[in-house]
Structure formats: C-alpha cells, structure tokens
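S.K.: Dropping the structure in here first, questions after.
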Amino acid sequence: GPWSMVASSAVPDLLRGTTREPAASSTARLPGGLEAVYDPKIKAYKVAGHKGVFLHEGTFLRVESGLWMKATSVDGPWTAASPSTLPPPLRRAVPLPEDGATASLPTGESLVYEAGTRMFVMSNKPGTVLFDGVFYEKRGDEWFASPGSTAAFAAKDPSSVPGPVRARLRSSEGAAKKKD
C-alpha cells in the first residue's frame, strides 16, 4: 500500500482478462476499511454506511433528489456527474426527480429540478442551469460552461451548447425581459 482504486480500463489487458464482474451479490473491502456490496442488478457497488453512495469503475457516485455527483473518495470533493457516465441499470434504478424537487451542492447552493427541461436551475442564479453534469450560463449573446458552480466559467461556442440548454436559457432570458 497505500492502495487506491482505478477504473478497470486502467488495468493492463493481461490482468483485466482474469477478472469479471461478479454474477451475484458480493462484499469488497475498500481502501480505508469501507465495505461495498456489489449489486448485480445495478452493476455497481453500494457503499455500506453511506446512503445513496455507489462505487463504479473506481469512481464514487452519490445521488440526492436526482442530482448525481462523483468523487475519487467517499469523502469528496464531490462534483456534478453526467448521468450518461453511469451504468444504465444504476441510472434506471433511480427515478427522475419530481418537478420542483430540490438538491444541494457541496457548496451549500440549492438547485431546483425542472421536469419539463430535465435540468436543474440554481435557486440563487436562475440564469445558471446544470445539464448532463455541466453548468451553463448565457450572458448577453455569449455562452459559458463550467464543471462546477463555483469554478470559472469558460466561453463556449453556441453550437457546442446542448439544444435543451440553449432553449431553456433563451426562454428564461425572454421571460426576464417581459418583466422589465
């Protein structure tokens, strides 16, 4: 030691071919003494003593009110995760949140889920949305993206901003103009 976890894709081919995903529930002891129980139905480990925390491919995943977060340690730091990176059985096992459901970021900021757009909107910054693990903002005619709510936002080419995000932020911009 000290031992650390890695994704199976980081294991040399020669060694990776000798191991398989467990076919039945099994318990593993993780570095630091944590236990995780493999659930073959969701193709991920459930971390004992940590509600809503899973382990998949060397990454800890946490879900709260439909908001997925990831970290390299069960203690964080946690960042937003794209649901598309989850094993499909795990993603399907956790239902989408109801419209108006709230989730909290590790920074303490609150997000509200919009079922119609399938994205989270920051409570204190209605012009900032979280979609597929990325935060987006529109300022005037410019688009910005960030991996975290408090990280620096980088300018984005509008064509690289997902269509649902462009539609949501343009509609909120129009609604704000109508109020003025």
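The values are calculated or read from the model by the stated rules, or taken from the named source; none is laboratory data. Worth saying up front: this structure is predicted, and the values here are computed from it rather than measured. Note: ideal-geometry Cβ built from the backbone for every residue, glycine included; neighbour counts use all protein chains shown. The accessibility values were calculated without ligands, DNA or RNA, using every heavy atom of the protein model including side chains. Shrake-Rupley method; radii C 1.70, N 1.55, O 1.52, S 1.80 Å.
S.K.: Could you give me the percent of Cα pairs per 5 Å distance bin for segment 25-180, shortest bin first, beginning at zero and ending with the bin that holds the maximum distance?
M.R.: 2, 9, 18, 19, 18, 14, 9, 6, 4, 2, 1, 0
S.K.: Here's something else I'd like to know. Taking θ as phi - 60°, what are the ³J(HN,Hα) couplings along segment 100-115 by the Karplus curve (6.51, -1.76, 1.60), each to the nearest whole Hz, with x for Gly and Pro?
M.R.: Taking θ as phi minus 60°, the curve returns x, 5, 10, 9, 10, 7, x, 6, x, 5, 9, 10, 10, 7, 10, 4 Hz for segment 100-115.
S.K.: Would you mind working out the accessible area per residue for segment 89-136, using a 1.4 Å probe, and quoting it in Å²?
M.R.: Accessible area per residue, segment 89-136: 50 Å².
S.K.: Continuing with the same structure: Which loop-located GluC sites (Glu not before Pro) does segment 77-180 contain, where loop means any DSSP state but H, G, I, E or B and the Cβ has at most 11 other Cβ atoms within 10 Å?
M.R.: Glu98
S.K.: Still on this structure: Could you tell me the calculated FRET efficiency between Ala93 and Ser26, based on Cβ-Cβ distance and R0 = 22 angstrom, to the nearest 0.05?
M.R.: For Ala93 and Ser26, the calculated efficiency is 0.75.
S.K.: Expressed as a whole percentage, what fraction of the accessible surface of segment 101-146 belongs to carbon and sulfur atoms when a 1.4 Å probe is rolled over the protein heavy atoms?
M.R.: Roughly 51 percent, rounded to a whole number.
S.K.: Moving on. Could you go through segment 70-78 in sequence order and give the Karplus-derived ³J(HN,Hα) for each residue, using 6.51 cos²θ - 1.76 cosθ + 1.60 with θ = phi - 60°, rounded to whole Hz, and x for Gly and Pro?
M.R.: Running phi through 6.51 cos²θ - 1.76 cosθ + 1.60 with θ = phi - 60° gives 9, 7, 8, 9, 5, 8, x, x, 9 Hz.
S.K.: Relative contact order, percent, of segment 88-180 when contacts are C-alpha pairs under 8 Å separated by at least 6 residues? Walk me through the intermediate numbers first.
M.R.: On the way: 117 pairs, mean separation 13.0, N = 93.
Once divided by the residue count of segment 88-180, the mean separation gives 14 percent.
S.K.: In segment 41-83, what trypsin sites (Lys or Arg not before Pro) fall in a loop by DSSP, with at most 14 other Cβ atoms inside 10 Å?
M.R.: Sites meeting the loop and neighbour criteria: Lys41, Lys51.
S.K.: Using a 1.4 Å probe on the protein heavy atoms only, what accessible surface does Leu169 show? Give it in Å² to the nearest 10.
M.R.: Roughly 0 Å² of Leu169 is accessible to a 1.4 Å probe.
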